[in-house]
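Accompanying notes for the structure given below.
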Amino acid sequence: VESGSEKIRKIFNKQVEREEIRKAFRLTTRYGILPRAYFIYGAPGENDKTIQESIELIREIRPLSIIFYILALFPGTTLYTEFKKKFGISDDIWLNRMEDIMYFETDRNLTEDMVLNFGKRLREAFYEALPGFVESIRLVDDSEFDRLNSDFYSRLGMTFSHGDYSGIAAIKNRDEIAGRLFARAIHCHPDHRAYLGKGIIHQKKGEFDRSIELLKEGLRYFPESKPLNICLAVSYMNTGRFDQALSRLLPIKDDPEAASYIEACRRALEDAE
């Protein structure tokens, strides 16, 4: 995508129309492929207006992941050739100890503070809009895609509950978003990841009975799952049902995590006596 500004896309020789971009992202999402956008900022002519154009395009195409880059100059590009000509240098510049040539350092109309602020605005706008992008997902309604759709929803849910987005405070209500995605996954098709993720979210909210009900349902589809059995045992332990927890843990006693919970259950039962 590079930029929401047509003027800047032309500088990058990005010969693609706005409607083509929108269509590509719409179809990518509809068929359960993670729509990831790449945006470059700090380009020639970059200003508040062009950054706002990029923000508006982000809101239109609704990507679920974005990589933002500050424009760097690389050999083989028109901008790099113009840079060498402007400053009268050769490729020998790379003999120096350097990682990148940042374009803004060569343009008197841009400063480091300006470019860093551009990046901050782009990221904040994306994180603010992301929950709405997730809610707007409508995957293809075809039974042949049910398993794939379920997998897509559960993977995306884990991104919010345990993955890249789980530690980003600017994204609000991450567990709630994850929970709704796990529910969508289960509605499409039984999914191990979704049962585990939603069971853990219920635990985090102190909803242990709901967690138990959901995890038992998941174990009907995945009876040999160690993570589901351990998660269910934890919910039993939190409701004082240590015998029921042991019934889930003892068959997998060789698992180190299960072994630690078995010990905790036995101590609790001894204390109760």
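Before we move on, is ARG155 basic (Lys, Arg) and either within 10 Å of the chain's Cα centre (by Cα) or modelled with pLDDT under 95 (or both)? Yes, satisfied. Report whether or not ALA245 is in contact (Cβ under 8 Å) with a residue 24 or more places away in the chain, closer than 23 Å to ALA194 by Cβ and surrounded by 20 or more Cβ atoms within 10 Å (Cβ to Cβ). No: the conditions fail for ALA245.
Return the residue satisfying two criteria in turn: it lies in region 199-231 and is of a type in the set (Ser, Thr, Tyr) and farther than 15 Å from ALA185 by Cβ, and of such residues it is surrounded by the fewest Cβ atoms within 10 Å (Cβ to Cβ).
Initially, region 199-231 is screened for residues of a type in the set (Ser, Thr, Tyr), giving 211, 221, 225.
Next cut, farther than 15 Å from ALA185 by Cβ only: 211, 225.
Values: SER211: 25, SER225: 18.
So the residue we want is SER225.
Scoring GLU2 on the criteria (1) surrounded by fewer than 19 Cβ atoms within 10 Å (Cβ to Cβ); (2) within 22 Å of the chain's Cα centre (by Cα); (3) within 17 Å of THR77 (Cα to Cα) leaves a single failure, condition (1).
The set of residues in region 46-83 being surrounded by fewer than 13 Cβ atoms within 10 Å (Cβ to Cβ) and on the phi > 0 side of the Ramachandran plot consists of GLY76 alone. Do we have any residue at all in region 133-145 that's of a type outside the set (Ser, Thr, Tyr), under 30 Å from GLY42 (Cα atoms) and either touching a strand residue (DSSP E or B) at 6+ places or on another chain (Cβ under 6 Å) or surrounded by 14 or more Cβ atoms within 10 Å (Cβ to Cβ) (or both)? Yes: region 133-145 contains one or more residues that are of a type outside the set (Ser, Thr, Tyr), under 30 Å from GLY42 (Cα atoms) and either touching a strand residue (DSSP E or B) at 6+ places or on another chain (Cβ under 6 Å) or surrounded by 14 or more Cβ atoms within 10 Å (Cβ to Cβ) (or both). Right, GLY42: surrounded by 21 or more Cβ atoms within 10 Å (Cβ to Cβ), touching a strand residue (DSSP E or B) at 6+ places or on another chain (Cβ under 6 Å) and over 29 Å from ASP142 (Cα atoms) or not? Yes: the conditions hold for GLY42.
All of (1) within 23 Å of GLY32 (Cβ to Cβ); (2) touching a residue at least 12 places away in the same chain (Cβ under 8 Å); (3) surrounded by fewer than 21 Cβ atoms within 10 Å (Cβ to Cβ) hold for ARG184 with one exception: (3).
Among the residues of region 97-107, is there at least one that is surrounded by fewer than 18 Cβ atoms within 10 Å (Cβ to Cβ), of a type outside the set (Phe, Trp, Tyr), modelled with pLDDT of 95 or more and part of a helix (DSSP H, G or I)? Scanning region 97-107, I find no residue that is surrounded by fewer than 18 Cβ atoms within 10 Å (Cβ to Cβ), of a type outside the set (Phe, Trp, Tyr), modelled with pLDDT of 95 or more and part of a helix (DSSP H, G or I), so the answer is no.
The values are calculated or read from the model by the stated rules, or taken from the named source; none is laboratory data. What you are looking at is a predicted structure, and each value in this text was computed from that prediction instead of being measured. We place every Cβ from the backbone using ideal geometry, glycine too, and count neighbours over all the protein chains shown.
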